[in-house]
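First up is the structure itself, then whatever we jot down about it.
The values are calculated or read from the model by the stated rules, or taken from the named source; none is laboratory data. Computed from a prediction, not measured in an experiment: that's the story for all the values here. Using ideal geometry, Cβ is built from the backbone for each residue, glycine included, and neighbour counts are taken over all protein chains shown. Please note that ligands, DNA and RNA were not included when accessible areas were found on the heavy atoms of the full protein model with its side chains. Shrake-Rupley method; radii C 1.70, N 1.55, O 1.52, S 1.80 Å.
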Amino acid sequence: MKEQFHGYYRPTEEEFAETWRHALVALDANVLLSFYRYRRDTVRELLSILRELADRVWLPHQAGLEYHQNRPHVIMQEVKQCREALNTISDSQEHLDVLVDGFIRPTTRELIDGVQNLGAILEQLRELLGADEDEDPAVRLLTEDHVRRELTELFDGRVGPPYAPEQYEQKCKDASARYDKQIPPGYEDKDRLAPILFN
């Protein structure tokens, strides 16, 4: 029975090890786009792992297309979050300044030191978020994208061919039917992918 329903059985440790040694590693667009959402040390670690697997990585053409089409939007989302964080920090600093100015009773040295330390921490956060840089962070990320540069090198010669037009059209029809009937996997991606696939 296991042979007929192997997807329901957890592989053994030996099977996992064999898979990691020999399996082809195909990435989808979500994996590539997530590189823009992770912390820098996580990105470095994942890219390092992919480089070790370089002779076994593969990128389906459609995944590469979706990555390139969605990359600017994902970057702009991250930039928006960065700007919101900077605004929150600025607001916090302003509230802190008002609070300190409003002290009526004599304050302790510890309280004054704590407020000054907090102000320094907020300034460090502003620097980490690039608040003092002249160049807009969106422009920097879109034009000096080290993630795309590394992925471009990694997948050089390792991208699948595109579907023929009639084959692509049939795939879109199949996907639309699966979305309508909520057949997994992927039907929950309809809102994200529909503008790409069905326009």
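Descriptive notes on the structure:
- Modelled spin-label separation between ARG10 and GLU45, with each label point placed 7 Å from Cα along the Cα-to-Cβ direction: 2.2 nm.
- With a Förster radius of 25 Å applied to the beta-carbon distance between THR88 and ALA120, the computed FRET efficiency rounds to 0.90.
- Each of THR143 and HIS22 was given a label point 7 Å from its Cα along the Cα-to-Cβ line. The distance between the two points is 4.9 nm.
- Extended-chain gain in nm, criterion 0.36 nm per residue less alpha-carbon gap, LYS173 and SER34: 47.3 nm
- Applying the criteria of a DSSP loop state and at most 10 other Cβ atoms within 10 Å to the chymotrypsin sites (Phe, Trp or Tyr not before Pro) of the stretch 1-38 yields PHE5.
- Hydrodynamic estimate: the Kirkwood radius of the stretch 27-78 over Cα pairs, inserted into Stokes-Einstein at 25 °C and 0.890 mPa s, corresponds to D of 210 µm²/s.
- Legend: calculated FRET efficiency, GLU3 to ASP180, from the Cβ-Cβ distance at R0 = 35 Å, rounded to 0.05, equals 0.60.
- Within the accessible area of the stretch 1-46 (1.4 Å probe), percent carbon and sulfur: 56
- Cβ-Cβ FRET estimate between VAL159 and HIS95, R0 fixed at 45 Å, reported to 0.05: 0.30
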